[in-house]
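> Below: one structure in structure tokens.
The values are calculated or read from the model by the stated rules, or taken from the named source; none is laboratory data. Everything numeric in this text was worked out from a predicted model, so none of it was measured. Cβ atoms come from the backbone with ideal geometry, glycine included; neighbour counts cover every protein chain shown. Calculation scope for accessible area: heavy atoms of the full protein, side chains included, ligands and nucleic acids excluded. Shrake-Rupley method; radii C 1.70, N 1.55, O 1.52, S 1.80 Å.
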Number of protein chains: 6
Amino acid sequence: MSQKLEIGKMAILLASLSEEELYSFRPSLDEVSYCQGKVGSMNMQKVIAAVETAAKRNGLIQEHLYRETHALYHAILEGIEGVTRGKPVIGEMSRTVGLRFSVVRGKPYHDPKEGEWLAVAFYGTIGAPVKGAEHETIGLGINHI
Amino acid sequence: MSQKLEIGKMAILLASLSEEELYSFRPSLDEVSYCQGKVGSMNMQKVIAAVETAAKRNGLIQEHLYRETHALYHAILEGIEGVTRGKPVIGEMSRTVGLRFSVVRGKPYHDPKEGEWLAVAFYGTIGAPVKGAEHETIGLGINHI
Amino acid sequence: MSQKLEIGKMAILLASLSEEELYSFRPSLDEVSYCQGKVGSMNMQKVIAAVETAAKRNGLIQEHLYRETHALYHAILEGIEGVTRGKPVIGEMSRTVGLRFSVVRGKPYHDPKEGEWLAVAFYGTIGAPVKGAEHETIGLGINHI
Amino acid sequence: MSQKLEIGKMAILLASLSEEELYSFRPSLDEVSYCQGKVGSMNMQKVIAAVETAAKRNGLIQEHLYRETHALYHAILEGIEGVTRGKPVIGEMSRTVGLRFSVVRGKPYHDPKEGEWLAVAFYGTIGAPVKGAEHETIGLGINHI
Amino acid sequence: MSQKLEIGKMAILLASLSEEELYSFRPSLDEVSYCQGKVGSMNMQKVIAAVETAAKRNGLIQEHLYRETHALYHAILEGIEGVTRGKPVIGEMSRTVGLRFSVVRGKPYHDPKEGEWLAVAFYGTIGAPVKGAEHETIGLGINHI
Amino acid sequence: MSQKLEIGKMAILLASLSEEELYSFRPSLDEVSYCQGKVGSMNMQKVIAAVETAAKRNGLIQEHLYRETHALYHAILEGIEGVTRGKPVIGEMSRTVGLRFSVVRGKPYHDPKEGEWLAVAFYGTIGAPVKGAEHETIGLGINHI
Ligand SMILES: [Mg+2]
Ligand SMILES: [Mg+2]
Ligand SMILES: [Mg+2]
Ligand SMILES: [Mg+2]
Ligand SMILES: [Mg+2]
Ligand SMILES: [Mg+2]
């Protein structure tokens, strides 16, 4: 890959690995900003809000700039396409998610003019609202910011 | 997570990590069957065929059983939903993909009656058919087999 | 159901039953116009064209009236949503269809002002381009004309 | 068709024919397990739950096996794609459904190794939440189990 | 364009221009029937209902004819595809809309047998449920009636 | 609307109005950069390429910056969702488009930190590949750049 930093890969590792498993990837994480979080819900609005709130609280986007909110929102939605496999509906389709997520902000390209980009990753489970009746799911969204 | 084996996580690590990075995850990979491959194309049919061929050649599914082909096909399509973020079209939408992929077959649940499941993961880039004009993308599909 | 004639049910029976099985439904078919046909393809454009051609040749729509072509086209597309289960792509998704289809034109409602409606039904198989690696599929589209 | 049993056709007949109309198809139904039910709702979660509950109560799937719940869930969703023609939303899109449904479990293929498969069919009406302002709709989902 | 009247263009101008800006387009508007309205909501059902109610109150469709309700409903949904860019969900995707809309009924084609058609247009904003965190959006649906 | 400049409205007017009709809107167009073009095709890749080429030739985006190509690409795709009403497929669905398009680049918000945004609009016809068998269609995409 011709990218300098793989922010998408970093994001998916931050969302899916344990603290211990992440240990060897720490050095590359120093080159980006990121946050991590968790959300479990049948309500997609809550999933979106959980990521937006975490990103704002951790200073990954400038809260009062719509430009950055817009970049993050579309990255979240692209991640949700993976999680829901093309049907961005959770509860109405009688399923629930239990997700860990991460937001990574950094400069993935060699050319500094390419500027900053965002990666939003989800990892967890999706399934019936019954304990254990679920399988894993993953999603990644990438956007320029 | 209440699963015994996280075959989705294994699949995404197999698709996205280097040999070296995978080293510490090797012990858990001993508990499943898997294969890895690569495909670059503007043609989705070629992406699907690359995964199906790799899975058959490596004995991950029984080639002459439609039941297993069907399970794999739907897992591939779910993975492609993540890669294409809900629009399973590549060339016609003027984009190309360069992907590493993996197929994992194993028993993720404690109860042996839950049987075998498949995970198909993709990791790579999607973008304009111009070198460097691309960003990362990820997809994961899971199915019972 | 408050309808006088169930043109959708007639259409699906015309597409899925054998001549012999259809025998007992013949009386109700006298109240509508209909045609039947067959198409096998990996190319959705050919599937659409097969239905349009059959409908025109059998006088189910007036060939030179866009209004009727438009009504039929949207009914076909709605039927294809069922056949492809929400992803109106065949060959590019590495699958092929073998379909019988029917077009029914009639007055399903009691109130004569509700006028004429069209039903387009598909029944057959969808699957890998390998003999036997396929399962059944059905679609129905309904439109006012 | 090279299948031994057409479980999809059986399912759609079970969902759309009257008891009397079904009479001549009874012999083939003896080779499969099936159940029938009804649901009317603006809420898709209720439609899904109605089918799941009927399938479990009638022993068509093993309730405590996620594997079977998963197979059924995806078959239901594929059927709903036909019913909603690619937009699996009911009330939020200001429409309501009145559906009869069926679940068929059997061995459609000659090769016994192909095992058991499920067919879920819907037949009924979709339309505005006003009596009579509706037209017919059909959906079919098929999955290996 | 070979059409006599561009009802879609009229509809989008009615939805997006000010009274003053519309002034010079008035003569062509005399050849069609139309109405205008406004709706702001996170609930798509309310958006659909606002257009349906306005169309009925202003006599653009015959209220008690399902045929006309059906034509309008599909035109509205097609317009919403543009507004939501392919995901007909608002609140559940954590977004809100503020829209002006119009419904135009007329005879766009030279051949009188082509009869009457409907155009439904939306223009306004879509975005986060926070003032100012929004951008413009447009949608147009066309149907024969 | 709280925006300073309505770049989406400008874009749709540039795509749908004649030179003469545009006359009175000229003053506001001085505050943005824009280009216009035309494309007719059954191939979506050609539609996308036509807009990208026009935008690059007219200096609306910096050709060698992926960041800007990415912003434009997603704005084009959002516009295409409106044109195709949620199914971004043209020829494969047996339809063809004849479109005028525009790309507008400007600063829609009062706060200068909101920076530059792009609007891509399409206006024209979509229909069967038969002269006259077509109706109007519109699409608008908006993105930060
Ligand atoms: Mg992108
Ligand atoms: Mg699943
Ligand atoms: Mg309808
Ligand atoms: Mg299948
Ligand atoms: Mg149309
Ligand atoms: Mg946006």
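> Please report the buried accessible area for the interface of D with C, total over both chains, probe 1.4 Å, in Å² to the nearest 100. Walk me through the numbers on the way to the answer.
Working: alone 8180 and 8190 Å², together 13650 Å².
Buried area between the two chains comes out at roughly 2700 Å².
> Taking N as the number of residues in region E:52-132, what value does Rg over Cα atoms divided by 2.2 N^0.38 Å take?
Working: Rg = 15.0 Å, N = 81, 2.2 N^0.38 = 11.7 Å.
Ratio of Rg to 2.2 N^0.38 Å for region E:52-132: 1.28.
> Where does each of F:47-60, C:121-134, F:30-43, A:77-90 land if you order them by average Cβ count within 10 Å, highest first? Working shown, then result.
On the way: F:47-60: 18.9, C:121-134: 20.7, F:30-43: 15.7, A:77-90: 23.8.
Going by the mean number of other Cβ atoms within 10 Å, highest first, we get A:77-90, C:121-134, F:47-60, F:30-43.
> Starting at the first residue of region A:23-33, write each ³J(HN,Hα) from the Karplus equation 6.51 cos²θ - 1.76 cosθ + 1.60 with θ = phi - 60°, in whole Hz, x for Gly and Pro.
Here the 3J(HN,Hα) series is 3, 6, 9, 3, x, 5, 5, 5, 8, 10, 9 Hz.
> For peptide C:127-135, how many partner chain Cβ atoms fall within 10 Å of a residue's Cβ, on average?
Numbers: counts 4, 8, 1, 4, 1, 10, 7, 7, 15.
Neighbouring Cβ atoms belonging to other protein chains average 6 per residue here.
> Taking every residue in C:12-23, how many Cβ atoms of other protein chains lie within 10 Å of its Cβ, on average? Walk me through the intermediate numbers first.
Numbers: counts 10, 5, 0, 2, 6, 3, 0, 0, 1, 4, 0, 1.
That average works out to 3.
> Moving on to the next point. Let me check I've understood the local charge: for residue D:2, count other residues with C-beta under 12 angstrom from its C-beta, Lys and Arg +1, Asp and Glu -1. What total comes out?
Numbers: positive: C:131, D:4; negative: C:134, C:136, D:6, D:111, D:114.
Taking every Cβ under 12 Å from that of residue D:2, the sum is -3.
> Here's a follow-up. Once amide H atoms are placed 1.01 Å from N in the peptide plane, what residues at a sequence separation of 5 or more from residue F:90, or on another chain, have their amide H within under 5 Å of its amide H?
F:44
> Report the number of Lys pairs in chain C whose alpha-carbons are under 18 Å apart, with separation of 8 or more residues or on distinct chains.
Numbers: C:4/C:107; C:4/C:113; C:9/C:107; C:38/C:46; C:38/C:56; C:38/C:131; C:46/C:56; C:46/C:87.
Summing the qualifying lysine pairs gives 8.
> Can you send over the carbon and sulfur percentage of the accessible area for region B:4-94, probe radius 1.4 Å, protein chains only?
On the way: 1610 of 3520 Å².
Answer for region B:4-94 is 46 percent, counting heavy atoms of protein chains only.
> Going 7 Å from Cα along the Cα-Cβ axis for the label, what nanometre distances separate residue B:62 from the same residue across the other copies?
Output for residue B:62: 1.8, 5.9, 5.9, 6.2, 6.2 nm, nearest copy listed first.
> Enumerate the amide H contacts of residue F:145 below 5 Å, restricted to partners 5 or more residues apart or on another chain; note that Pro and chain-start residues carry no placed amide H.
Residues meeting the amide H criterion: F:116, F:117, F:118.
> Give me the percent relative contact order of chain A, please, defined on Cα pairs under 8 angstrom at least 6 residues apart. Kindly include the intermediate steps, with their values, before the conclusion.
On the way: 303 pairs, mean separation 47.0, N = 145.
About 32 percent, as a whole number.
> Going through the DSSP H helices of chain F, which span 15 Å or more along their own axis at the Cα atoms while scoring at least 0.0 as a mean Kyte-Doolittle hydropathy?
On the way: long enough: F:44-57 (20 Å, 0.14); F:66-84 (26 Å, -0.09).
Passing helices, by number: F:44-57.
> Rounded to the nearest 20 debye, what is the charge dipole size of region B:3-53 about its Cα centre when +1 sits on each Lys and Arg Cβ and -1 on each Asp and Glu Cβ? Write down the numbers at each step before the final one.
On the way: 5 positive and 7 negative charges, 41 e Å.
The calculated dipole for region B:3-53 is roughly 200 debye.
> Another question, then. Per the Kirkwood definition applied to all pairs of different Cα atoms, how many angstroms is the hydrodynamic radius of chain F?
Working: mean 1/r = 0.0651 Å⁻¹.
Roughly 15.4 Å, rounded to one decimal.
> Taking amide hydrogens as modeled 1.01 Å from N in the peptide plane, which residues meet the under 5 Å criterion relative to residue E:124, leaving out close sequence neighbours?
For residue E:124, whose amide H was placed from the backbone, the distant partners under 5 Å are E:100, E:137.
> Considering every residue in E:24-33, what mean count of other chain Cβ atoms within 10 Å of its Cβ is obtained? Before the final figure, lay out each step's value.
On the way: counts 4, 2, 0, 0, 0, 0, 0, 0, 0, 0.
The mean count of partner-chain Cβ atoms within 10 Å per residue comes to 1.
> Rolling a 1.4 Å sphere over the protein heavy atoms, what is the accessible area per residue of the protein assembly as shown, to the nearest Å²? Don't jump to the answer; show the numbers that get you there.
Numbers: 30390 Å² over 870 residues.
Heavy-atom accessible area per residue stands at 35 Å².
> Also, quick follow-up: Classify the protein assembly as shown as rounded, prolate or oblate from the Cα gyration tensor: take a ≥ b ≥ c as the square roots of its eigenvalues, call it rounded if a/c is under 1.5, otherwise prolate when a/b beats b/c and oblate if not. Working shown, then result.
Working: a/c = 1.72, a/b = 1.00, b/c = 1.72.
Oblate shape, in that a/c is at least 1.5 and b/c is the bigger or equal ratio.
> How large is the charge dipole for the protein assembly as shown, taken about the Cα centre, if only the Cβ atoms of Lys, Arg (+1) and Asp, Glu (-1) carry charge, to the nearest 20 debye?
Values: 96 positive and 102 negative charges, 1 e Å.
The dipole magnitude comes to about 0 debye.
> Spin-label point model (7 Å from Cα, Cβ direction): what's the residue A:20 to residue E:30 distance in nm?
Here the answer is 8.3 nm between the modelled labels.
> On to the next question. Per-residue ellipticity at 222 nm for the protein assembly as shown, helices alone: DSSP H runs ≥ 4 residues times -39500 (n - 2.57), over residue total, nearest 500 deg cm²/dmol? Spell out each step's value before the answer.
Working: 30 runs with 306 residues, N = 870.
Only helices count here, giving -10500 deg cm²/dmol.
> Using the Karplus equation 6.51 cos²θ - 1.76 cosθ + 1.60 (θ = phi - 60°), what ³J(HN,Hα) coupling, rounded to whole Hz, does each residue of region B:102-119 give in order, writing x for Gly and Pro?
Here the 3J(HN,Hα) series is 8, 10, 10, 10, x, 10, x, 9, 5, 6, x, 5, 5, x, 8, 9, 10, 10 Hz.
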